[in-house]
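The values are calculated or read from the model by the stated rules, or taken from the named source; none is laboratory data. Computed from a predicted structure; not experimentally measured. Here the Cβ positions follow ideal geometry from the backbone for every residue, glycine too, while neighbour counts run over all protein chains shown. What goes into the accessible areas is simple: the full protein's heavy atoms, side chains included, and nothing from ligands, DNA or RNA. Shrake-Rupley method; radii C 1.70, N 1.55, O 1.52, S 1.80 Å.
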Amino acid sequence: MNILDIRNLSIKLLTSTTPILAVDRVSLAMKEGEVRGLVGESGSGKSLLAQAIVGVLDDKWQVDADRFHWRGIDLMRLSVDERKKVISKDVAMIFQEPMACLDPTTTIGAQLEEAVDDEQLTGYFWQRKQQRKLAAANLLHKVGIKHHEVCTKSYPHQLTEALCQRVMIAMALAKRPILLIADEPTAAMESTNQNQIFRLLASLNQLKNMSILLISHDLENVTHWTNTITVMYSGQFVEAGTTQHIFNKPYHPYTRALVDSSPKANMQIPMKSRLMTLPGSIPILQHLPIGCRLGPRCPKAQKACVQAPKVKNYHGHQVSCHYSLKGSY
Amino acid sequence: MLIFTLRRLNLFLFTMLILSILSFSLSFLFPGEQIINISGQINATPEGIELVALEYGKHESLITQYWIYLNQLFEGNWGVSMTSQLPIYGEILNHLPATIELTMTALFIAMVTGIPIGFIAAINHRKKADDFILSFAMIGYSIPIFWLGLLTILIFSIQLGWLPSAGQISLLYEIKQVTGIQFIDILLSDSPYKWQAFQNASSHIILPSCVVALAPATIFIRLARTSMLNVLDTHYIKAAMAKGLTFQQIIYRHAIRNALVNVIRDVGLQFANLVTLAMVTEVIFSWPGIGRWLIESIYQRDYTAIQGGLLALSCFIFLVHILTDFIYATLNPLARETHRGPQ
């Protein structure tokens, strides 16, 4: 059963003149215990989508969706406050730049303790402080920080980036979430630290059956850790399917280009030749092309591409393209 | 924290050194005989002047003269006033506490009203309340203080008769001077009319301190508003929202503290401005403070008094500045230590 089911979600940026459609009818579904990657270039709206799910976008942004279900509850029918209540009970999010996401003037311990839910505490109010402390220490142990005394007393700037991300994950775990949204959790991190964080997330997925939505711009890295992948480009849905399919037999020209653009160690290329890339760069929000937004850069683009394509479903492998590469395999 | 304290002390020492050099050089720059400017002995006979010149080391090199001047300052010999022939040091000790009282009360009022109002404006960003507060701040900032002072006297003292218009306390009450700060003196005194005196002194301080506080309060409103807006825009507020905290929890636990950090740093800077306003206000409300005394000295070309008064006032301003720095450091863990590791 899908725990999260989003159909045609659009996010508009309200400006003084005309609203800008930053995310254009994107669909996303998550199963229980699934690790899904959400891949796209920077500026493709993947962080926006995640923030819209958690409901932390400010009132400059307007979110619409045809369907937005969380475990069978229709969130679009609820008021903003109720929606936030439902979501924040079960969904946790970790951000990129963990150090910027921790209050610089409060100790780690205090920030962890306030994340602990009141419902998990038993006993009278004078016992609660102690229980909160214990809960915070346990959370730190869960994410692999052994010396919790040192960590709880320090301020965010005294810890390394990777430790801060662990603390963020610990905070996310405090609510025992069903879905964890990780928005580029390892950006600006060394590769050893990156692997530690990914391994931690993978173990949480396996031990606690926690679903993870892993947002990243690095397709290759994501393939190691995910079961399914959704690809986005410039705020539009591109392709979704199992990691195997997406990586080996992409149906969309964009995904094909993404896969081809990552260099491999055993690649045979002549000296000083150009690596495979798409021409141009991702369009800025003020000058979005009509129809399929990949159009101007797409090697397969034809006249029909000025109309946005409908999503086609081939046995769970969804693709949004008029000229999909399905026939070429 | 120790290094932080040492650094501040270091800064204090050097600033004091430069201030004393400035004050010393003023005695040369003012018109007239340098030795008379520095000592204030305006009626002395030529023999008397010669004695004073010997005392100040007039025949030695400039550096020795400066050294002797410093020694004199520390011994409490700041010369005598040219007009009243009273020792400057005693005059300053008499007048400075009243100014400290007035400025501190005004600073307190300005912070207690300005900062929360600024926060409220930021929380209601782009709503009616925000616009209203901003325009109020703009008006409050642009009202000239001498006009505002006269206006408040006209309304609250003369027409409504609620508050007294001049002085620090009614002449009926006789309070023995111990510390110089009147409220403390009143509380220390054993007069049977202690509480009446306290009430009377409080009603005297309300008008002038509110007049002084208005302009700084409007600045604090704007500082607090921008600082709160910046904080509300940061990632950690967004993360706290994703954590499921309510808006009140976010404001009270995270936003206020971080916004205050930025405001407090500027309070020290605004204090110098506030003291200038207090000097004008003291003249209007006949407040027996150092500002009024200094302005009178300027009118009477009392060069010795100007030198001493400037030194004392700037010393006071700088001490407050350092104090706010310490408050800033206790609020902000980042300021307390040198940065290590990646930022």
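The rows are residues; the columns are (1) surrounded by fewer than 17 Cβ atoms within 10 Å (Cβ to Cβ); (2) without any contact (Cβ under 8 Å) to a residue 60 or more places away in the chain; (3) closer than 30 Å to residue B:325 by Cα; (4) touching a helix residue (DSSP H, G or I) at 6+ places or on another chain (Cβ under 6 Å).
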{"residue": "B:21", "(1), (2), (3), (4)": "yes, yes, yes, no"}
{"residue": "B:27", "(1), (2), (3), (4)": "no, no, no, yes"}
{"residue": "B:65", "(1), (2), (3), (4)": "no, yes, no, no"}
{"residue": "B:94", "(1), (2), (3), (4)": "yes, no, yes, no"}
{"residue": "B:102", "(1), (2), (3), (4)": "no, no, yes, yes"}
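Within segment A:107-127, restricting attention to residues that are β-branched (Val, Ile, Thr) and at pLDDT 85 or above, which residue is least open to solvent (accessible area, probe 1.4 Å)? Talk me through it step by step, then tell me what you get.
Taking segment A:107-127 first, the residues β-branched (Val, Ile, Thr) are A:107-108, A:116, A:122.
Now narrow it down to the ones that are at pLDDT 85 or above: A:107-108.
Numbers: A:107: 37, A:108: 0 Å².
Result: A:108.
Those residues that are touching a Lys or Arg at 6+ places or on another chain (Cβ under 9 Å), facing another protein chain (nearest Cβ under 9 Å) and open to solvent by 20 Å² or more (accessible area, probe 1.4 Å), I need them from segment A:84-105; list them, please.
A:88, A:89
So, in segment B:69-83, how many residues would count as being open to solvent by 40 Å² or more (accessible area, probe 1.4 Å) and either among the hydrophobic types (A, V, I, L, M, F, W, C) or touching a residue at least 12 places away in the same chain (Cβ under 8 Å) (or both)?
First, the residues of segment B:69-83 that are open to solvent by 40 Å² or more (accessible area, probe 1.4 Å): B:71, B:74-75, B:77-78, B:83.
Those left that are additionally either among the hydrophobic types (A, V, I, L, M, F, W, C) or touching a residue at least 12 places away in the same chain (Cβ under 8 Å) (or both): B:74, B:77-78, B:83.
So the count comes out to 4.
Which of the numbered conditions does residue B:246 fail, given that it passes all the others? Conditions: (1) hydroxyl-bearing (Ser, Thr, Tyr); (2) in contact (Cβ under 8 Å) with a residue 40 or more places away in the chain; (3) over 27 Å from residue B:11 (Cα atoms).
Here residue B:246 clears every test but (2).
If residue A:329 passes every condition in (1) surrounded by fewer than 14 Cβ atoms within 10 Å (Cβ to Cβ); (2) under 25 Å from the mean Cα position of the chain (by Cα); (3) closer than 23 Å to residue A:229 by Cβ but one, which one does it miss?
(2) is the only condition that residue A:329 fails.
Could you tell me whether any residue of segment B:174-183 is assigned to a helix (DSSP H, G or I), among the charged types (D, E, K, R) and more than 30 Å from residue A:168 (Cα to Cα)?
Our first condition is that a residue be assigned to a helix (DSSP H, G or I); within segment B:174-183, this holds for B:182-183.
Imposing the further condition that a residue be among the charged types (D, E, K, R) reduces the set to none.
No - not one qualifying residue is present in segment B:174-183.
Can you tell me which residue is nearest to the chain's Cα centre (by Cα) among those in segment A:79-110 that are outside any helix (DSSP H, G or I) and small (Gly, Ala, Ser)? Talk me through it step by step, then tell me what you get.
Quick first cut of segment A:79-110, residues outside any helix (DSSP H, G or I) only: A:79, A:91-97, A:102-107.
Narrowing further to those that are small (Gly, Ala, Ser): A:79, A:92.
Values: A:79: 24, A:92: 11 Å.
It comes out as A:92.
Among the residues of segment B:216-227, is there at least one that is within 14 Å of chain A (Cβ to nearest Cβ) and either in contact with a Gly (Cβ under 9 Å, 6 or more places away or on another chain) or surrounded by 24 or more Cβ atoms within 10 Å (Cβ to Cβ) (or both)? Step through it out loud before you land on a result.
First, the residues of segment B:216-227 that are within 14 Å of chain A (Cβ to nearest Cβ): B:227.
Going one step further and asking which of them are either in contact with a Gly (Cβ under 9 Å, 6 or more places away or on another chain) or surrounded by 24 or more Cβ atoms within 10 Å (Cβ to Cβ) (or both), we end up with B:227.
Among the residues of segment B:216-227, at least one is within 14 Å of chain A (Cβ to nearest Cβ) and either in contact with a Gly (Cβ under 9 Å, 6 or more places away or on another chain) or surrounded by 24 or more Cβ atoms within 10 Å (Cβ to Cβ) (or both), which makes the answer yes.
Residues being open to solvent by 30 Å² or more (accessible area, probe 1.4 Å) and assigned to a helix (DSSP H, G or I): count how many of those fall in segment B:228-243.
6
Does segment A:94-117 contain at least one residue that is of a type outside the set (Phe, Trp, Tyr) and in contact with a strand residue (DSSP E or B) (Cβ under 6 Å, 6 or more places away or on another chain)? I'd like the intermediate steps shown before the answer.
So in segment A:94-117, the residues of a type outside the set (Phe, Trp, Tyr) come out as A:94, A:96-117.
Pick out the ones that are also in contact with a strand residue (DSSP E or B) (Cβ under 6 Å, 6 or more places away or on another chain) and you get A:94, A:96.
Checking segment A:94-117: at least one residue is of a type outside the set (Phe, Trp, Tyr) and in contact with a strand residue (DSSP E or B) (Cβ under 6 Å, 6 or more places away or on another chain).
Which count do you get for residues in segment A:171-191 that are within 11 Å of chain B (Cβ to nearest Cβ) and part of a loop (DSSP other than H, G, I, E, B)?
Residues flagged as within 11 Å of chain B (Cβ to nearest Cβ) and part of a loop (DSSP other than H, G, I, E, B) within segment A:171-191 amount to 6.
Among the helices (runs of 4 or more DSSP H) contained in segment B:262-343, which hold 1 or more residues that are closer than 26 Å to residue B:143 by Cα and either open to solvent by 40 Å² or more (accessible area, probe 1.4 Å) or away from every other protein chain (no Cβ under 14 Å) (or both)? Lay out the reasoning, then the answer.
Working: elements: B:290-299, B:303-331, B:333-336.
Once the helices (runs of 4 or more DSSP H) in segment B:262-343 are filtered for at least 1 residues that are closer than 26 Å to residue B:143 by Cα and either open to solvent by 40 Å² or more (accessible area, probe 1.4 Å) or away from every other protein chain (no Cβ under 14 Å) (or both), what remains is B:290-299, B:303-331.
Answer yes or no: is there a residue in segment A:283-291 that is free of Cβ contacts under 8 Å to residues at least 12 places away in the same chain, open to solvent by 30 Å² or more (accessible area, probe 1.4 Å) and among the polar types (S, T, N, Q).
No, every residue in segment A:283-291 fails to be free of Cβ contacts under 8 Å to residues at least 12 places away in the same chain, open to solvent by 30 Å² or more (accessible area, probe 1.4 Å) and among the polar types (S, T, N, Q).
Sort out which residues of segment A:111-121 are assigned to a helix (DSSP H, G or I) and at the interface with chain B (Cβ under 9 Å from one of its Cβ atoms), and write them in order of number.
Narrowing segment A:111-121 to residues assigned to a helix (DSSP H, G or I): A:111-115, A:118-120.
Once the filter is applied, which keeps residues that are assigned to a helix (DSSP H, G or I) and at the interface with chain B (Cβ under 9 Å from one of its Cβ atoms), segment A:111-121 yields A:111, A:114, A:115.
From the residues in segment B:123-164 that are of a type in the set (Gly, Ala, Ser) and farther than 22 Å from residue B:100 by Cβ, which one is surrounded by the most Cβ atoms within 10 Å (Cβ to Cβ)? Steps first, please.
The first filter runs over segment B:123-164 and keeps only residues of a type in the set (Gly, Ala, Ser), leaving B:129, B:135, B:137, B:140, B:142, B:149, B:157, B:161.
If we keep only those that are farther than 22 Å from residue B:100 by Cβ as well, we get B:129, B:135, B:137, B:140, B:142, B:157, B:161.
Values: B:129: 14, B:135: 10, B:137: 22, B:140: 18, B:142: 9, B:157: 16, B:161: 9.
The selected residue is B:137.
Going by the conditions given, is residue A:10 at pLDDT 85 or above and more than 23 Å from residue A:221 (Cβ to Cβ)? It would help to see each step written out before you state the result.
On the way: at pLDDT 85 or above: yes; more than 23 Å from residue A:221 (Cβ to Cβ): yes.
Here the answer is yes, as residue A:10 does meet what is asked.
Restricting attention to segment B:113-122, does a residue exist that is touching a residue at least 40 places away in the same chain (Cβ under 8 Å), part of a loop (DSSP other than H, G, I, E, B) and of a type outside the set (D, E, K, R)?
There is no residue in segment B:113-122 that is touching a residue at least 40 places away in the same chain (Cβ under 8 Å), part of a loop (DSSP other than H, G, I, E, B) and of a type outside the set (D, E, K, R).
Select from segment A:233-269 the residues that are more than 20 Å from residue A:329 (Cα to Cα) and at pLDDT 80 or above and list them in ascending order.
Hits for segment A:233-269 are A:233, A:234, A:235, A:236, A:237.
Return the residues of segment B:244-259 that are part of a helix (DSSP H, G or I), under 19 Å from residue A:117 (Cα atoms) and either at the interface with chain A (Cβ under 7 Å from one of its Cβ atoms) or not aromatic (Phe, Trp, Tyr) (or both); say none if nothing qualifies. Break it down into steps so the answer makes sense when it comes.
Start the filter on segment B:244-259 by keeping residues that are part of a helix (DSSP H, G or I), which leaves B:247-259.
After this cut, where a residue has to be under 19 Å from residue A:117 (Cα atoms) as well, the list is B:247-254.
Hits for segment B:244-259 are B:248, B:249, B:250, B:251, B:253, B:254.
Output the number of residues of segment B:97-133 satisfying the condition of being under 15 Å from residue B:182 (Cβ atoms) and β-branched (Val, Ile, Thr).
4
Every residue in segment A:177-197 that is open to solvent by 10 Å² or more (accessible area, probe 1.4 Å) and touching a strand residue (DSSP E or B) at 6+ places or on another chain (Cβ under 9 Å), please.
Hits for segment A:177-197 are A:177, A:178, A:184, A:186, A:187.
Give the number of residues within segment A:292-310 that are closer than 11 Å to residue A:236 by Cα and either surrounded by fewer than 18 Cβ atoms within 10 Å (Cβ to Cβ) or of a type in the set (Gly, Ala, Ser) (or both). Before the answer, list the steps.
The first filter runs over segment A:292-310 and keeps only residues closer than 11 Å to residue A:236 by Cα, leaving A:292-294, A:308-309.
Among the residues that remain, those that are also either surrounded by fewer than 18 Cβ atoms within 10 Å (Cβ to Cβ) or of a type in the set (Gly, Ala, Ser) (or both) are: A:308.
Of the residues in that region, 1 qualify.
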